[in-house]
There are 2 protein chains.
Amino acid sequence: MILDDAPLAGLRIIEVSSFVAAPLGGMTLAQLGAEVIRIDPLGGAPDTTRWPLAPNGRSLYWAGLNKGKRSVTLDLRSPDGQRAVADLVASSGPDGGIVLTNAGHPWLSYEALQHARPDLIHLRITGRHDGSPAVDYTVNAGLGFPLTTGDEATAGPVNHVLPAWDVACGLYAAIGILAAERHRRRTGAGRAITLSLADVALAVTGHLGFLAEGQLAAATRGDDPPYPAVIPRGDDPPYPPEGRPRIGNHLYGGFARDFRTKSGDSVMVVTLTARHYADLARVSGRTEALAAVERALGADFTKDSDRYAHREVIAALIASWFAEHTTGEVAEALAGTSVLWERYRTFAELAAAPETLANPLVGLIDQPGIGRILATGTPLAQPGTPQTPAPAPILGADTDAILGELPKRG
Amino acid sequence: MILDDAPLAGLRIIEVSSFVAAPLGGMTLAQLGAEVIRIDPLGGAPDTTRWPLAPNGRSLYWAGLNKGKRSVTLDLRSPDGQRAVADLVASSGPDGGIVLTNAGHPWLSYEALQHARPDLIHLRITGRHDGSPAVDYTVNAGLGFPLTTGDEATAGPVNHVLPAWDVACGLYAAIGILAAERHRRRTGAGRAITLSLADVALAVTGHLGFLAEGQLAAATRGDDPPYPAVIPRGDDPPYPPEGRPRIGNHLYGGFARDFRTKSGDSVMVVTLTARHYADLARVSGRTEALAAVERALGADFTKDSDRYAHREVIAALIASWFAEHTTGEVAEALAGTSVLWERYRTFAELAAAPETLANPLVGLIDQPGIGRILATGTPLAQPGTPQTPAPAPILGADTDAILGELPKRG
């Protein structure tokens, strides 16, 4: 239940979508109080049966990405169905007139719909900015991450399991709509926005410095980029000419890595500052040994760059402490220190952990068509907005109610 | 240059931040026209020197995450410095009074700042929702992704290189601020919002169905979760009891994988529908061989689940076609088909590719303190908002100008 003081109470969005990005964008707004109506073709869009599945064959994926929405199905190939969508957009009130889609049908375009709704806000997600199709897996392949993931001995690409670009694209879509709605509130003007999955990935890759780093690597290798290599090259550049290497589970430019405990668990251990590092050295009883190595190497382990350069030596000295202690002992020893760490878990362990269900954003919901499943609401914690998730609708469940609200045609 | 019809023109945000999430949240708003003032302690926050670095030792990471902001440095340990922050928040006009931070200083809290600014919008990013610290690497370890990444033979965890949770958290922060600002515009009321990195990761893991899938796996294994396993188990559940397996670069629940071409490149090839799959079979000249296998196995390769179940057989039949053709020949053969594919590239190749710099969101900017580097603007393409990036400021460059705008204390 969304209370009226939810931040997006009143906002109405028509979503014609499938797969991850557009549905996630709409759901993000729904979980903050917006009314989101997802419109599907009769029988559902191609994502209706996407894995993972529940035992009865229903899609956990679809249920997860459409929580808290209303669902309408229409024959979108027929003029009547298309007109019903246009009517829903036009009649959705002053806080409506907002379309979110990843479909490219001409009848669903900004140009087609703005006639009946001049202040239309229309956000369309595409694969690439030229409108050609692309998906998370192909976009990611072109960027550089899969050839940098995995340990030094890995040959070939290692894909993400998390569809991170789809997620970022869905969140950017929500931002685009909210920003446009602010502008419409001030000026009365709507707008057409396009957002491509590949552009999201390229933008974020740039924001994180990977693109500039790749530019430096290309220039150092003597490649012939389509722009002058105007960054002065140092005698001892802090990056290898072949580009960022594979460094397994090490943190780039600091000291962090996975270790194996006596219990057979892997734990990720992160030190971001000199203080974190000193705490880890102390807890593991290696302060003196590490200081001796530091002197012998002429290094300064209070510096990120020196901890990174000698990461294998540091890790080798510390690994035996983890190997000699159970995960429980490791937890006890690191508690109260500044060291950041976590045990690697499976999804099954995550689901079964008591603190998961205790989190205010997690609910064991009755998902129509599936059963009682763990589901998540918004991570934005604030007064007036319950974080607990609402279930997804049954496909088409709200068709009659919503079409019945449409004004009669003359 | 942001034009006045940029969607967030006029919005003013005070950011006291470091690392990825909070700076990315502020920058996302800045790239849509908001005025974002990042405040740092004298000498900079801990992210000032984070890798990757330029040849002169300046941080490409910092430059990437603070584009288009103004920069103020203050002695944040002194009452004067803290009071200057409060004054900046209080005096920032009707479209101001917005704080974005990942710092937990009492003087920077909602409670402390709302006295001078009753309609304050305050979003604080934390590690976990109990306020304890966590970083992308530790959060990700606890979820399940690293134990599912990599091929079947991999032992132990494989970390993301992309800090995907930091990115999602920064984008959620931007959403939280815009949603709150809409509500304030309607009601006059501000609000305090907290957003934890771990909650963002847990929410998204739930949205994508991984959490419910983990719940099913835990129930099937006979684990004793802290809630009843009320989902009926089929005789032949579509998931293995031990949870989602490692499947390398395969797509879960469909047919997609990496292949090696005669040129030695790896390419990611994705078929999401029966049509995509039929096109791939035809192009690779394996339509008949695949049909024969399909009959022999009693399978139906028009179905996602059967293509997934027999993915190794399908891949083995198709792999030789890729191995016998250069990447150029593969590109030519797949052009005009529905098959989605991309060559795996390094970051250096991405940076050197002509289409990268030709993208409207990419600029070769003069970054003060570094040089001419490739940088990215917003992926949200719309009239009135240039996508090209503005550079990041030099740390503290705007201190005098911005403090000089403060009203004099009485």
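The values are calculated or read from the model by the stated rules, or taken from the named source; none is laboratory data. Keep in mind that this is a model prediction, so the values were computed, not measured. All Cβ positions, glycine included, derive from the backbone under ideal geometry; neighbour counts span all protein chains shown. All accessible areas refer to the heavy atoms of the entire protein, side chains included, with ligands and DNA or RNA removed. Shrake-Rupley method; radii C 1.70, N 1.55, O 1.52, S 1.80 Å.
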- Task: Could you work out, residue by residue across A:189-196, how many beta carbons of other chains sit within 10 Å of that residue's beta carbon, and then give the average as an integer?
- Result: 4
- Task: First select every other residue whose beta carbon is under 12 angstrom from the beta carbon of A:Arg343; then total the charges, Lys and Arg +1, Asp and Glu -1.
- Result: -2
- Taking every pair of alpha-carbon atoms in the range B:262-343, what share in percent sits in each 10 Å bin, from 0 to the bin with the longest distance? 18, 55, 24, 3
- Query: Which value, in square angstrom to the nearest 100, describes the accessible area buried between chains B and A on both sides, using a 1.4 angstrom probe?
  - Reply: 13300 Å²
- Item | Neighbour-limited loop hits for trypsin sites (Lys or Arg not before Pro), the range B:1-68 (at most 13 other Cβ within 10 Å; DSSP other than H, G, I, E, B) | none
- Nearest-first distances (nm) between copies at B:Ala296, label 7 Å from Cα via Cβ: 6.0
- Query: For the residue pair B:Arg185 and B:Ser320, what label-to-label distance in nm results when each label sits 7 Å from Cα along the Cα-to-beta-carbon direction?
  - Reply: 6.3 nm
- Query: What share of Cα pairs, in percent, lie more than 20 angstrom apart in the range A:23-79?
  - Reply: 30 percent
- Using a 1.4 angstrom probe, figure out how much accessible area the range A:350-398 has per residue, in square angstrom, rounded to the nearest whole. 31 Å²
- Task: Pick out, in residue order, every one of the GluC sites (Glu not before Pro) in the range A:309-400 that is DSSP loop and has at most 14 other C-beta atoms within 10 Å; say none if there are none.
- Result: A:Glu324
- Query: Where only protein heavy atoms count, and the probe is 1.4 Å, what is the accessible area per residue for the range B:33-139 in Å²?
  - Reply: 37 Å²
- Message: List, shortest first and in nm to one decimal, how far the label point of B:Ala274 (7 Å from Cα along Cα→Cβ) is from its counterparts in the other copies.
- Response: 6.6
- Message: Taking the alpha-carbon distance from B:Lys408 and a cut-off under 19 Å, which lysines remain once sequence neighbours fewer than 8 residues away in the same chain are dropped?
- Response: none
- Query: Dipole size in debye (nearest 20) for the protein assembly as shown around its Cα centre, Lys and Arg Cβ +1, Asp and Glu Cβ -1?
  - Reply: 1140 debye
- Item | Charged-residue dipole, Cβ positions (Lys, Arg, Asp, Glu), the range B:253-377 about Cα centre, Debye nearest 20 | 120 debye
- Item | Carbon/sulfur fraction of accessible area - the protein assembly as shown, other protein chains in place, 1.4 Å, % | 53 percent
- Message: Quick check: convex hull of the Cα atoms in chain A, volume per residue, rounded to a whole Å³?
- Response: 193 Å³
- Task: State which entries of A:Lys303/B:Lys69; A:Lys69/B:Lys69; A:Lys69/B:Lys67 exceed 32 angstrom in Cα-Cα distance in the structure shown.
- Result: A:Lys69/B:Lys69; A:Lys69/B:Lys67
- Task: Hand me the GluC sites (Glu not before Pro) from the range B:139-215 located in a DSSP loop with no more than 10 other Cβ atoms within 10 Å, in residue order please.
- Result: B:Glu152
- Item | Candidate residues B:Thr194, B:Thr356, A:Thr326: accessible-area rank, largest first, probe 1.4 Å | B:Thr194, A:Thr326, B:Thr356
- Per the C-alpha gyration tensor (a ≥ b ≥ c, the square roots of its eigenvalues), the protein assembly as shown is rounded if a/c is under 1.5, else prolate if a/b beats b/c, else oblate; here it's rounded
- Between B:Gly336 and the same site in the other copies, what are the distances in nm, shortest first, taking label points 7 Å from Cα along the C-beta direction? 7.3
- Which whole-Hz couplings ³J(HN,Hα) result when phi for each residue of the range A:7-20 is put into the Karplus expression 6.51 cos²θ - 1.76 cosθ + 1.60, θ = phi - 60°, listed in order with x for Gly and Pro? x, 10, 3, x, 5, 10, 10, 9, 10, 10, 8, 7, 6, 9
- Tell me, what is the FRET efficiency for A:Glu405 and A:Asp130 to the nearest 0.05, using R0 = 41 angstrom and their Cβ-Cβ distance as r? 0.60
- Item | Helix A:210-220 vs. chain A, principal-axis angle (Cα, 0 to 90°, nearest 10) | 50 degrees
- Task: May I ask you to give the solvent-accessible area per residue for the range B:284-348, in square angstrom, as obtained with a 1.4 angstrom probe?
- Result: 46 Å²
- Message: How large is the convex hull of the C-alpha atoms of the range B:1-119 per residue, in Å³?
- Response: 102 Å³
- Charge dipole (chain B, unit charges on Cβ, about Cα centre) - positive-most of B:Thr399, B:Val20, B:Ala9: B:Thr399
- Message: Using only the alpha-carbon atoms, how far is helix B:164-187 inclined from the longest principal axis of chain B? Give it as 0 to 90 degrees, nearest 10.
- Response: 50 degrees
- Note on the structure: Taking the reciprocal of mean 1/r across every pair of different Cα atoms in the range B:259-410, the Kirkwood radius in Å is 19.9 Å
- Cα long-axis angle, helix A:79-90 against chain A (0 to 90 degrees, to the nearest 10): 70 degrees
- Cα lying deepest toward the dipole's positive end in the range B:36-130, options B:Pro41, B:Ser59, B:Thr126, charges on Cβ: B:Ser59
